Structure formats: structure tokens, C-alpha cells
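Below: one structure, written as C-alpha cells.
The values are calculated or read from the model by the stated rules, or taken from the named source; none is laboratory data. Given the structure is predicted, the values throughout are model-derived calculations rather than measurements. For neighbour counting, all protein chains shown are included, and Cβ atoms are generated from backbone atoms with ideal geometry for every residue, glycine included.
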Amino acid sequence: MTALAAGGEQVAARTTAPPAPRRARRAGPIEWLLVHSVFLVVCAFFLIPFLWLLSAAFDERASAYIQWPAAPTIMNFVRIFTEHDFARVLANSVFVAVATMVLVVFAVSLAGYSLSRLDLRHKDWITYAVLLLQTMPISATMVPIYGLARQLGLRNSYLGLILIHAAIELPFLIWLMKGFFDSIPRHLEEAAWLDGRSRVRALFEIVLPLARPGLGIAAGLAFLSAWAEVLMVVILIDQDNLKTVPLAFYEAMRTQGGYTEVQYGVIAAMAVVYLLPVMVVFFGARRLMIRGLMSSTRGL
Amino acid sequence: MADVEYVDVWKQFASQASAAVQGLSLTIPDRELLVLLGPSGCGKTTALRMLAGLEEPDRGDIRIGGKSVVGLEPKDRDVALVFQSYALYPHLSAQDNIGYPLKVRHLSRAEQREKVSRVADMLGIGHLLPRRPAQLSGGEQQRVALARAIVREPRVFLMDEPLSNLDAKLRVHTRTELKTLQRELGTTMVFVTHDQAEAMSLANRIAVLNAGELQQIGTPDEVYDRPANVFVAEFIGSPPMNLLPASRHDDSLVVAGGWRIPAPALASAPNGEVTVGLRPEGISIEADGQTAEVVAVEPFGSEVIVDVLVGSQSLKIRAAPDVRPNPGSTVGIRADPAAVRLFDASTGLATH
């Protein structure tokens with residue numbers, strides 16, 4: 001509408017319709033082909049081992065090559081539980097991994113919060129020391145840890161497994177949690193203190209819920225690392241009833257000088273069962289992360 | 001409700017070269033709205049945080065209601081602080097945010113609900129209670145933060161630039177509301193800002209700080225009409241006070257460019273160099289005054305600010321909206337003797 005009796009220039013009403021929306025630029029056929037071929041190659045690279053796994057798990061006469069099972073059977077799965085005591089091995093792995101995850105999450109949330117918030121005199125030194133520990137390769141520590149574990153009586157025990165598995169993940173995850181805590185504004189805790197909350201309760205009620213994505217990542221990584229850890233288990237465990245799955249794999253692959261044949265079918269069956277808890281944890285941790293990200297980080 | 005006292009408070013941060021707060025002493029009587037005003041880094045927020053208990057003074061005492069609070073946890077001081085960023089708990093609804101301090105005090109759910117809805121109605125946000133902070137606009141978030149402070153009925157309200165994140169129109173509107181609210185609630189309030197217009201409009205008294213030191217404390221009229229030094233003179237008022245180097249010869253002041261202004265009669269300072277302060281409204285454009293060249297004309301609707309040059313000295317003059325000299329032309333200017341302020345040329349302190 002034109003403005004009546006207004007000063008300055010008249011602004012005329014719009015008489016033309018807005019132009020039709022332009023279509024997005026379509027990728028040419030060559031681009032499409034290139035992109036999809038690369039995708040295919042990468043996917044194949046990652047999926048082929050799983051293909052082997054599935055084909056070998058159901059094949060009593062599996063080999064190291066991918067082959068369609070001549071007589072598909074579930075006997076491998078039965079055998080791992082009846083002959084190889086896999087139930088026990090799996091239970092050990094689950095117990096150790098879950099306990100490690102709980103211990104690690106507890107430790108890194110407190111450590112990360114302290115490094116982020118507290119006013120320590122040599123905080124910078126401590127932070128960099130923690131980071132430095134991360135650069136140490138595990139294999140270099142095997143011998144000293146063997147000696148230490150023996151002296152402390154931690155060999156052949158759940159406690160030893162859990163403590164050492166946890167220790168391996170601490171440096172990186174403390175660093176990770178510190179980063180997450182740094183991203184939570186201090187004002188939120190200060191507001192809680194002024195509202196009357198003590199420091200510790202404010203941490204639990206206000207800060208930790210907002211650090212959920214970080215805690216989810218830490219929990220997931222701690223579980224996975226403990227789940228897959230083999231080097232430390234090799235030096236710590238030689239009793240059958242305390243074996244974890246990675247150790248079982250390791251032993252199954254040894255042929256003891258050619259006397260026993262490597263039973264690929266059995267190994268593949270173990271691996272398939274081994275994958276299942278990982279998927280559970282992955283989806284659980286992912287949900288924790290997403291829920292945390294959705295509810296908290298906006299509006300800060 | 002309580003009065004607040006700062007007694008010779010000092011605070012230095014290890015990471016900074018000079019002290020953030022230097023020897024701050026001031027008394028805020030009960031029910032007063034005091035504004036801590038100053039540029040960024042002047043120490044006003046630090047002073048406020050020390051009152052809240054989020055920082056501790058290195059030296060000196062802070063008292064609320066006559067009793068020292070130094071060493072007391074923030075939660076035991078019974079003060080409420082509204083942060084510049086509002087600091088609303090993002091994972092709680094507005095209702096839970098406002099009710100949080102009540103929950104901490106173990107009030108029953110019914111009592112919490114009742115108090116929250118009463119305060120929400122007072123601020124006109126009752127319909128926003130179920131929403132999360134991320135679903136609220138800036139102005140709405142600010143009101144929720146305010147409600148959270150009010151619902152606690154604290155002894156002292158502390159506000160750390162709560163309006164600076166609002167757009168200009170909302171800021172002016174909320175300013176007035178805050179002033180009325182504070183008067184109705186009758187609670188002592190300490191308000192931090194860098195905006196001198198905000199300070200002038202809100203305060204019962206203004207405390208001007210610069211580089212950690214208190215420059216002047218007084219009512220808005222006092223700091224405007226009688227600034228204690230050149231810093232306050234320049235900081236308060238928009239456009240700022242014109243400060244002109246001049247030399248005094250008995251009963252007249254000679255400013256650069258040969259402009260003679262009659263010196264105030266009672267001034268006791270000896271002859272010599274002085275700094276003359278004249279607010280833009282203390283100079284008028286008159287045909288038979290000192291010649292000055294017009295540099296720019298800024299129309300503001302209700303008034304016009306004319307930038308002129310006297311010799312090498314530039315001045316701003318406040319004039320009626322129909323005064324429109326052409327840039328480049330010459331006009332006559334005259335100073336109102338009653339509006340002349342004198343400052344020591346070396347220390348900057350007011351001498352008249």
C-alpha cells in the first residue's frame with residue numbers, strides 16, 4: 001500500500017509476483033559415478049570381514065577364505081558354549097567391561113570437573129602431565145605392569161583386570177571430560193550456589209546433566225576399550241576361569257606348533273556373539289548422548 | 001532488606017598487573033537502588049561478585065545488615081544475582097527454574113507452585129512457565145531470571161548488566177519496569193552497568209568507578225551537574241561534557257582560539273592553566289558570540305547537536321531542533337557562566 005501524506009519518496013505497492021524458485025544444481029553423471037564408486041570400495045573394504053564372519057560362523061568346515069558354507073549349521077555356536085566354556089568367558093568380559101566403564105565414568109567426571117573448575121596452583125602442569133600420559137604406547141608398559149601386578153597381587157583377579165583397564169583409558173577421557181566441562185558456563189553453577197545449593201549438589205543437579213553427551217562418549221569409549229583389550233589380559237591372566245574373550249581369540253589362533261588346527265568356524269561364532277553386547281552399549285551410549293545434546297546445549 | 005557496606009575493599013587477580021578493586025568504600029542504605037557505573041574493566045562486576053560471595057576480597061570488609069559476610073558461602077548470604085547471561089538452567093522448565101531456590105529450601109510443592117505463579121504473574125510470564133529456556137526470547141529469559149531472583153525474597157538484589165543483551169527498545173522499557181519493581185518490593189538493589197543513560201534513569205545514587213577506584217558517588221543530578229573529576233564529567237552525559245584547556249586570568253578564562261568566558265565568581269583557584277568543562281546545553285548559538293566554524297549538524301528530532309570548531313578546539317552544542325546552520329558556515333556561540341565547571345589541569349579534579 002502506498003503511504004499517504006508521508007514525507008520522502010513514495011514507496012509503490014508491489015505489482016509483480018516473486019520469481020519462481022530456482023532448482024538446485026544437479027550433479028553431473030560423472031560426478032555421481034565417481035562418488036558412488038568410491039563409496040562402494042570403502043563399504044566393501046569394511047564389510048567383507050563381516051561377510052567372512054557370517055559365512056564362517058555357520059560353517060563347520062570354515063577356512064580363512066570366504067566360502068559359502070556347504071552345510072550351514074549352528075553347531076559352531078553350540079560348540080563354543082559346550083566345549084569351549086564361552087559362556088564363562090563372555091560373562092567375564094561383560095563384567096570386566098561394565099565395571100571398567102562405571103569406574104572410569106566416575107573417575108573422569110570428578111577429575112575433569114576439577115581440572116576445569118578448581119583453582120589449583122599447578123593446574124596447567126597437571127593437565128599437560130595427564131595429556132603426556134596418553135602418548136605412552138601400551139605395549140611399552142607391558143613388562144613394568146606385569147611386575148607391578150605381580151607385586152600387588154593383582155594377577156589372575158577381576159580387580160586387577162578392572163583397575164588396569166580403567167587406568168589405560170583415564171588420561172584421554174579426563175582430557176575429554178575437562179573439555180566438556182569447560183564448555184558449560186560457570187555462571188550456571190554460580191547461579192545454583194546463590195540459589196542455595198552446596199557445591200557438590202550443584203555439580204550433580206546442574207552440571208552433570210549438561211555434561212551428558214561427554215559422559216555418554218566416555219562411557220562408550222571406556223566400555224569398548226576394556227572389551228577389546230588383549231595385551232593386558234595376556235600378561236595378567238593365565239587361569240582359565242578368568243579369561244576374557246580377546247584372550248580366548250588369542251588362544252584359539254595359536255596352533256601350538258601345528259598340533260591343533262585353527263578352528264575358524266568356532267572363532268567366527270565367538271566373534272558374532274562377541275559383537276552383540278557392543279551393539280547394545282553403542283545404542284545405549286548414543287541415546288544418552290543425543291538426549292543430552294538435545295535438551296541442554298541450546299539456550300546457553 | 002538490609003544495608004550494604006564496602007569497607008576499604010581491595011582485590012587483585014594473579015593474572016592481572018593492577019588491582020581490580022582498589023580501596024573501595026561505600027555505604028548503601030536499606031531500600032536504595034545503587035548503580036555501579038563505569039567502563040569495561042573498571043572493577044564494578046568484581047565488586048558485585050565479592051558482595052555475592054563468588055570472589056573474596058584480599059583486604060577489607062563487606063557487610064550486609066551490619067554483619068560481615070566475608071568468608072560466607074554464597075548460599076548463606078541471602079542475596080540474589082541476575083547474571084548478564086541470565087544463567088537459566090537449560091534442562092529445566094521456566095517453572096522449575098524459578099522454583100529452584102524454593103526447592104533448595106525444601107518448600108512443599110504446593111507452596112512452590114503458588115509462589116512461582118505469583119511472581120510469574122507480577123512479571124507477566126505466567127503463560128511461559130512450562131517452556132524451556134531455549135524456547136524463550138531474550139526478553140522472556142530475562143524475566144524468568146528476574147523472577148527466580150524475586151521469588152527468593154532476598155535481602156539484596158544484585159544485577160550484573162541484565163539489560164545489555166536486550167534490543168534497545170526493550171531495554172528502555174524494561175528499565176522503567178525494574179525501577180518501579182524495586183520501589184514496590186522495597187529491597188536494596190545494586191545494579192552494575194556501563195551505560196550511563198541506564199544509570200541515570202534507574203539509580204537513586206550512582207557510584208562511578210574507573211580502573212578499580214571509586215571516582216564519585218551521588219545522585220544522578222549530583223554526578224551530572226557537579227562531576228568530581230574529568231573522568232566523571234566525560235563519562236556521564238551524552239554527548240559528553242566539552243572539556244577545554246584554558247588559562248585563567250583573574251575573572252576570565254581564555255580558551256584556545258581566543259574565546260573569553262567569564263570566570264565563575266567564587267572560584268578560588270589561582271591564575272594559570274585550567275580545564276574548563278561545559279555541557280553541550282551550556283553553550284548557545286547567538287549572533288553576537290564568539291565566532292566558530294560549523295563542522296557538522298546532527299538532528300535528533302527533539303534537538304540538534306551542532307559540532308563546531310573554535311580555533312583548533314572542537315565543541316558540541318545542544319540547540320533547538322530548528323537551528324540548522326550549514327556546515328562550513330560560521331556561527332556565534334556564547335557560554336552560560338552558570339554552567340561553567342573548572343577542573344585542575346594536571347589532576348583533573350573539580351575545583352568549581
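In the stretch B:112-139, which residue that is among the charged types (D, E, K, R) and away from chain A (no Cβ under 11 Å) is surrounded by the most Cβ atoms within 10 Å (Cβ to Cβ)? Walk me through how you get there before you give the answer.
Here is the first cut: in the stretch B:112-139, the ones among the charged types (D, E, K, R) are B:113-115, B:118, B:121, B:131-132.
Applying the additional criterion that residues be away from chain A (no Cβ under 11 Å) yields B:113-115, B:118, B:121.
Numbers: B:R113: 15, B:E114: 13, B:K115: 20, B:R118: 13, B:D121: 12.
This residue is B:K115.
Taking the numbered list (1) assigned to a helix (DSSP H, G or I); (2) of a type outside the set (F, W, Y); (3) more than 21 Å from the chain's Cα centre (by Cα); (4) surrounded by fewer than 18 Cβ atoms within 10 Å (Cβ to Cβ) in turn, A:A91 passes all entries but (3).
Scanning the stretch B:140-187 for residues that are of a type in the set (V, I, T) and more than 13 Å from chain A (Cβ to nearest Cβ) yields a total of 5.
B:A350 meets all of the listed conditions (1) of a type outside the set (K, R); (2) modelled with pLDDT of 90 or more; (3) within 30 Å of B:S201 (Cβ to Cβ) but one, namely (2). Just one residue in the set A:F106, A:F86 is within 22 Å of A:F180 (Cβ to Cβ) and of a type in the set (F, W, Y); that residue is A:F106. If you go through the stretch A:166-202 and keep only what is closer than 16 Å to B:G99 by Cα and either of a type in the set (A, V, I, L, M) or more than 14 Å from every other protein chain (Cβ to nearest Cβ) (or both), you end up with A:L188, A:A191, A:A192, A:L194, A:A202.
Please go through the stretch A:178-211 and pick out each residue that is under 24 Å from the mean Cα position of the chain (by Cα), outside any helix (DSSP H, G or I) and surrounded by fewer than 22 Cβ atoms within 10 Å (Cβ to Cβ).
Within the stretch A:178-211, the subset under 24 Å from the mean Cα position of the chain (by Cα) is A:178-184, A:204, A:207-211.
Those left that are additionally outside any helix (DSSP H, G or I): A:183-184, A:211.
Answer for the stretch A:178-211, where residues must be under 24 Å from the mean Cα position of the chain (by Cα), outside any helix (DSSP H, G or I) and surrounded by fewer than 22 Cβ atoms within 10 Å (Cβ to Cβ): just A:S183.
From the list B:A263, B:A256, B:A233, B:A287, the one residue that fits, being in contact with a Pro (Cβ under 7 Å, 6 or more places away or on another chain) and more than 29 Å from B:L37 (Cα to Cα), is B:A256. Among the residues of this structure, B:G43 counts as one that is of a type outside the set (A, V, I, L, M) and touching a Leu at 6+ places or on another chain (Cβ under 6 Å).
Of all residues in the stretch B:232-252, those that are surrounded by fewer than 21 Cβ atoms within 10 Å (Cβ to Cβ) and assigned to a helix (DSSP H, G or I) total 1. Among the residues making up the stretch B:183-199, none is over 26 Å from B:K11 (Cα atoms) and at pLDDT 95 or above.
Of all the listed residues (B:Q16, B:Q22), the sole one being away from every other protein chain (no Cβ under 14 Å) and free of Cβ contacts under 8 Å to residues at least 12 places away in the same chain is B:Q16.
A quick yes/no check of all residues on (1) away from chain A (no Cβ under 14 Å); (2) touching a His at 6+ places or on another chain (Cβ under 6 Å); (3) surrounded by 24 or more Cβ atoms within 10 Å (Cβ to Cβ); (4) not charged (D, E, K, R):
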{"position": "B:K44", "(1), (2), (3), (4)": "yes, no, yes, no"}
{"position": "B:M50", "(1), (2), (3), (4)": "no, no, yes, yes"}
{"position": "B:R59", "(1), (2), (3), (4)": "yes, no, no, no"}
{"position": "B:L72", "(1), (2), (3), (4)": "no, no, no, yes"}
{"position": "B:K75", "(1), (2), (3), (4)": "no, no, no, no"}
{"position": "B:P90", "(1), (2), (3), (4)": "no, no, no, yes"}
{"position": "B:N97", "(1), (2), (3), (4)": "no, no, yes, yes"}
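The set of residues from the stretch B:1-15 being aliphatic (A, V, I, L, M) and surrounded by 13 or more Cβ atoms within 10 Å (Cβ to Cβ) comprises B:M1, B:A2, B:V4, B:V7, B:V9. Where residues in the stretch A:144-162 are assigned to a helix (DSSP H, G or I) and touching a residue at least 40 places away in the same chain (Cβ under 8 Å), which of them is nearest to the other protein chains (Cβ to nearest Cβ)? Once the filter is applied, the top-ranked residue is A:I162. Can you tell me which residues in the stretch B:166-211 are assigned to a strand (DSSP E or B), touching a strand residue (DSSP E or B) at 6+ places or on another chain (Cβ under 7 Å) and under 17 Å from B:G41 (Cα atoms)? B:F191, B:V192, B:T193, B:A207, B:V208, B:L209, listed by residue number.
Looking only at the stretch A:109-132, decide whether some residue is of a type in the set (S, T, N, Q) and exposed (fewer than 13 other Cβ atoms within 10 Å of the Cβ).
Within the stretch A:109-132 (the criterion being of a type in the set (S, T, N, Q) and exposed (fewer than 13 other Cβ atoms within 10 Å of the Cβ)), the answer is no, since none of the residues qualifies.
Look at (1) of a type outside the set (A, V, I, L, M, F, W, C); (2) within 28 Å of the chain's Cα centre (by Cα); (3) not in a helix (DSSP H, G or I) and you find that A:S114 fails only one, number (3). When you check A:L120 against the structure, is it among the aliphatic types (A, V, I, L, M), at pLDDT 90 or above and out of contact with any His (no Cβ under 6 Å at 6 or more places or on another chain), yes or no? So A:L120 does not fit the description; no. Taken over the stretch A:220-235, the criterion of being assigned to a helix (DSSP H, G or I) and either facing chain B (nearest Cβ under 9 Å) or touching a Leu at 6+ places or on another chain (Cβ under 7 Å) (or both) is satisfied by A:L221, A:A222, A:V233, A:V234.
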